[in-house]
1. Would you mind stating whether Trp300 is touching a residue at least 12 places away in the same chain (Cβ under 8 Å) and within 25 Å of Phe36 (Cβ to Cβ)?
2. Hey, among Gln296, Gln320, which residue is in contact with an Asp or Glu (Cβ under 7 Å, 6 or more places away or on another chain) and either among the polar types (S, T, N, Q) or assigned to a helix (DSSP H, G or I) (or both)?
3. Could you pull out the residue among Ile282, Ile321 that is within 16 Å of ligand 3 (Cβ to nearest atom) and crowded, with 24+ Cβ neighbours inside 10 Å?
4. List every residue pair whose Cβ atoms sit under 7 Å apart, with the two residues 6 or more apart in sequence or on different chains, where the first one lies in the stretch 179-204 and is acidic (Asp, Glu) and the second, anywhere, is part of a loop (DSSP other than H, G, I, E, B) and away from ligand 4 (no atom under 16 Å from the Cβ).
5. State yes or no: is Leu168 at pLDDT 95 or above, more than 24 Å from Ala314 (Cα to Cα), away from ligand 1 (no atom under 16 Å from the Cβ) and within 20 Å of the chain's Cα centre (by Cα)?
6. Filter the stretch 67-78 down to residues that are among the polar types (S, T, N, Q) and surrounded by 20 or more Cβ atoms within 10 Å (Cβ to Cβ) and give me whichever is nearest to ligand 5 (Cβ to nearest atom).
7. I'm trying to understand the selection: among the residues of the stretch 324-357, which are of a type in the set (A, V, I, L, M), at pLDDT below 55 and crowded, with 21+ Cβ neighbours inside 10 Å?
8. Which ones in the stretch 303-316 are more than 9 Å from ligand 5 (Cβ to nearest atom) and either free of Cβ contacts under 8 Å to residues at least 12 places away in the same chain or part of a loop (DSSP other than H, G, I, E, B) (or both)?
Amino acid sequence: MNTQIDKFKQVTLAIGIALSGIGSTGAVTPANALTFNFTPASGTSSDAIAGFAAAGNLWSSVLTDNVTVNIDIGFTALSPGTLGEASSTQQQFNYAQVYTALNNDKSSADDLTAVNSLSTNSTFKQLLNRTANNPNGYGSATPYVDNDGDANNQTIDLTTANAKALGLRGNGNTTDAAISFSNLFTWDFDRSNGILAGAFDFVGIAAHEIGHALGFISGVDILDGNSPTATNSQASNDDQFTYVSPLDLFRYSSDSKAVEAIDWTADAREKYFSIDGGATKIATFATGTTFGDGRQASHWQDNLGLGIMDPAIAAGELLQIIETDRRALDAIGWNLANNVSDRQSLSNMAENSTGNTSEITRSANTANVPEPADFVGTLIFAAVVGDLSIKQRRKLAQSKQATVTTPPK
Ligand SMILES: [Ca+2]
Ligand SMILES: [Ca+2]
Ligand SMILES: [Ca+2]
Ligand SMILES: [Ca+2]
Ligand SMILES: [Zn+2]
């Protein structure tokens, strides 16, 4: 009954500017503050600008890294049926750099567990499928262990905001994400009195998009969108898929756990977030638009109330940042605020006074969920994963220039 929130683009790579800005971060931002620098397109309404600011505040209340995230925002007439568009800027690093950064960034018990689960070699092992050189056959869906140590076993693809949280790049003027909402839909900009039936939670969905920018992404969407289908037989070798995200380092299945590897396959087997090598399942992930459950892998599994990174939402529903979301962001390099549940209850639980964030689910909003007739039929963020042509990415990955490419608008 829910409608899909978005299709999140992972289009742009910024190559070769690692570490250039480090050392200047403390000078421009106050201590322990995650700040958002929103740049509205001309014509963006004051409601929308305020809505983005409120969404940023939801994250600033739970994350404390000295990071400034630059986001271009817009609120305009998009193509019919498109709720909004979003994309992030991403940058690739060697796995060893990311491991070291995660290790240095530890600030919670979860961080300790998470880093302990990671490979201490310069490469990592993954369960993979659908590659041209799958030993089970060209493009085969049968998973295999890829531990050959080549490019996709030693590269991590981070959103630039995530890289900042890990100290892998400094604050700067680079656009970290671009988010546009359609003004052709009915939005509720005010969470303080719940979400109107038939309207969508602007602040919650903006926070969802920001969550992607902060690093809640999976490169499995790249594999899912660039593997052979009935109409396109082209597969690529494993070493082309250098898009494992930090969150993917904690993506497991029972099969991958058995071989002590992360699960980076595109198929519908259950995948889950685990910070202890797959032993403990914190929450399940969506598994892919083409070969998975129909939702982009850069989300929690649909319809289980797993958090703000749920792939779908009903009109009238209030989206919440909950414990699962915070644990994911914590593990990939963000620092959680102390007493985070108290702060959450003040800032994020607008219509619920029971206090404990982790226990608040969609049921709090049941009264506001409209009848099916009120749902908007297609509510899809525009970019399709299939647009993420491997060819384009190859070209970008090979241009090792000290340039930054901003996301297409
Ligand atoms: Ca490989
Ligand atoms: Ca309202
Ligand atoms: Ca952390
Ligand atoms: Ca951090
Ligand atoms: Zn999304």
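The values are calculated or read from the model by the stated rules, or taken from the named source; none is laboratory data. Owing to the predicted nature of the structure, the values given are computational and were not obtained by experimental measurement. Glycine also receives a Cβ, built like all others from the backbone with ideal geometry; neighbour counts cover every protein chain displayed.
1. The answer is yes for Trp300.
2. Gln296
3. Ile321
4. Hits for this filter: Asp188/Ile195; Asp188/Leu196; Asp188/Ala199; Asp201/Ile195; Asp201/Glu317; Asp201/Leu318; Asp201/Leu319.
5. For Leu168, the condition - at pLDDT 95 or above, more than 24 Å from Ala314 (Cα to Cα), away from ligand 1 (no atom under 16 Å from the Cβ) and within 20 Å of the chain's Cα centre (by Cα) - is met.
6. Asn70
7. Hit for the stretch 324-357 is Met349, nothing else.
8. Answer for the stretch 303-316, where residues must be more than 9 Å from ligand 5 (Cβ to nearest atom) and either free of Cβ contacts under 8 Å to residues at least 12 places away in the same chain or part of a loop (DSSP other than H, G, I, E, B) (or both): Asn303, Leu304, Gly305, Leu306, Gly307, Ile308, Ala314, Ala315, Gly316.
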